[in-house]
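What follows is calculated from the coordinates using simple rules that are stated; it is not laboratory data. Just so you know, these numbers come straight off a predicted model, no measurement behind them. For neighbour counting, all protein chains shown are included, and Cβ atoms are generated from backbone atoms with ideal geometry for every residue, glycine included.
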Amino acid sequence: MCKLLIVDNDKSITRPIKHFFEKKRNQSVDVAHNGKEGLSCISENRPDIVLLNSCLPDMSGLDVLKKIKEKNKQIKTIMRITDHYLYTRDKIKKAVSLGVDEYVEGIMSLRYLDEKINEMKRGLSEKSE
């Protein structure tokens, strides 16, 4: 089973995503509300896919992304860029240079997220075969 980790301090985002993937997709989902917690969850639970907010209360999502990719480049990442629009392009460029697999600006729909995670899961299963 594919493991998903959500690293986001906005509970109005994390709750519906967690509920959807656990109940509708029967998927293992962990949630961390800051970067330090997220990195700890990655070490302990070894998720396949990480959904990561660019703005976290204790550290930049870009710093978390960099540490994820240093530990394991195989972990798929989706970054939610939530900065003021003036900084968005710079964050996107930096995230891409660090190896993010997908990014979305602002709030994403569950349908979009479901499609992206399914694509990533297919890619993971093809590599393991």
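Just a few scattered comments:
- Under 5 Å, built H, 5+ apart or other chain: amide partners of ASP58: GLY35
- Under 5 Å from the amide H of VAL31 lie the amide H atoms of ILE6, each residue being 5 or more positions distant or on a separate chain, with H modelled from the backbone and absent for Pro and chain starts.
- Exposure proxy ranking, count of Cβ atoms within 10 Å, fewest first, for GLU22, GLU102: GLU22, GLU102
- From the coordinates shown, Cα Rg over 2.2 N^0.38 Å corresponds to which of [x] 0.97; [y] 1.11; [z] 1.17: [x]
- In this calculation the C-beta distance from ASP114 to ASN45 is compared with R0 = 22 Å, giving a FRET efficiency of 0.55.
- Under 5 Å, built H, 5+ apart or other chain: amide partners of THR77: VAL50, ASP101, GLU102
- Three-way shape label, region 1-61, alpha-carbon gyration tensor, a/c 1.5: oblate
- A simple count of charges around PRO16, restricted to other residues whose Cβ falls under 14 Å of its Cβ and scoring Lys, Arg +1 and Asp, Glu -1, yields +4.
- The chain: relative contact order as a whole-number percent, Cα under 8 Å and 6+ apart: 22 percent
- A dipole drawn for region 3-117 from +1 and -1 charges on Cβ atoms has a positive end, and of HIS19, VAL96, ILE75 the residue lying farthest that way is ILE75.
- Over all other residues within a Cβ to Cβ distance under 12 Å of ASN72, the charged ones net out to +4, with Lys and Arg as +1 and Asp and Glu as -1.
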